[in-house]
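We did not get these values from a lab; they are worked out from the coordinates using the rules stated. Just so it is clear, the structure is predicted and the values come from calculations on it, not from any experiment. Neighbour counts run over all protein chains shown; Cβ positions are idealised from the backbone, glycine included.
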Amino acid sequence: MKEYLQNTYSVSMDDMMEVWIETFHPFGSVLVIWDVQTHFELLKDLGILVSPLEAYKSKAVTVEFSSILDAYKILDLIEASGISPIMQVYSSGKLVSDNIGK
């Protein structure tokens, strides 16, 4: 049997998002919307402009707000539309809540 000398690591999407938030949104209030490709029209109707050309291969989009209450307001509006993508709310670089399991 051949022996391979290597290090392998698995990285979850949550881990990658956590690093992204800590790096690019360390002090903000952020709503993460997963599988954004199927929700462009809804986001546009809510006043969140995400370019399908820029996000066509994206797994998630981050939307930064001036307050955590605004992030929750948009999360609630998205859920009220009857479409419930997986969403997470971060504040100051840390995960506060998500809608997984609702």
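About the Cα centre, and with charges only on the beta carbon of Lys, Arg (+1) and Asp, Glu (-1), how big is the dipole of the chain? Nearest 20 debye, please.
The calculation lands at about 120 debye.
Within the chain, which is the longest segment containing none of the chymotrypsin sites (Phe, Trp or Tyr not before Pro) that sit in a DSSP loop and have at most 14 other Cβ atoms within 10 Å?
Segment 57-102 is the longest.
Normalised by the number of residues in the chain, what is the relative contact order in percent for Cα pairs under 8 Å and 6+ residues apart?
Numbers: 130 pairs, mean separation 36.2, N = 102.
RCO, the chain: 35 percent.
Among 36, 99, 84, whose Cα lies farthest out toward the positive end of the dipole of the chain, if unit charges sit on the beta carbon of Lys, Arg (+1) and Asp, Glu (-1)?
The residue sitting farthest along the positive end of the dipole is 36.
For the range 1-76, which trypsin sites (Lys or Arg not before Pro) are in a loop by DSSP, counting at most 11 other Cβ atoms within 10 Å?
Listed in order of number, the matching sites are 2, 57.
Answer with a single label: of (1) 59, 31, 23; (2) 39, 30, 25; (3) 58, 28, 28, which was calculated as Cα extents along the principal axes in Å from the structure in view?
Given (1) 59, 31, 23; (2) 39, 30, 25; (3) 58, 28, 28, the calculated one carries the label (3).
Report the GluC sites (Glu not before Pro) located in the chain that are in a DSSP loop and have at most 13 other Cβ atoms inside 10 Å of their Cβ, or state none.
On the way: sites: 3, 18, 22, 41, 54, 64, 79; in loops: 3.
Filter output for the chain: 3.
Sorted from fewest to most neighbouring beta carbons within 10 Å, what does the list 5, 43, 95 look like?
Ranking 5, 43, 95 by Cβ neighbours within 10 Å, fewest first, gives 5, 95, 43.
Subtract the Cα-Cα distance of residue 46 and residue 95 from 0.36 nm times their separation in residues, and report this length gain in nm to one decimal. Working shown, then result.
Working: separation 49, 0.36 × 49 = 17.64 nm, distance 2.31 nm.
Additional length available on full extension: 15.3 nm.
If you line up the long axis of helix 13-24 against the longest principal axis of the chain, both from Cα atoms, how many degrees apart are they, to the nearest 10?
That works out to roughly 70 degrees.
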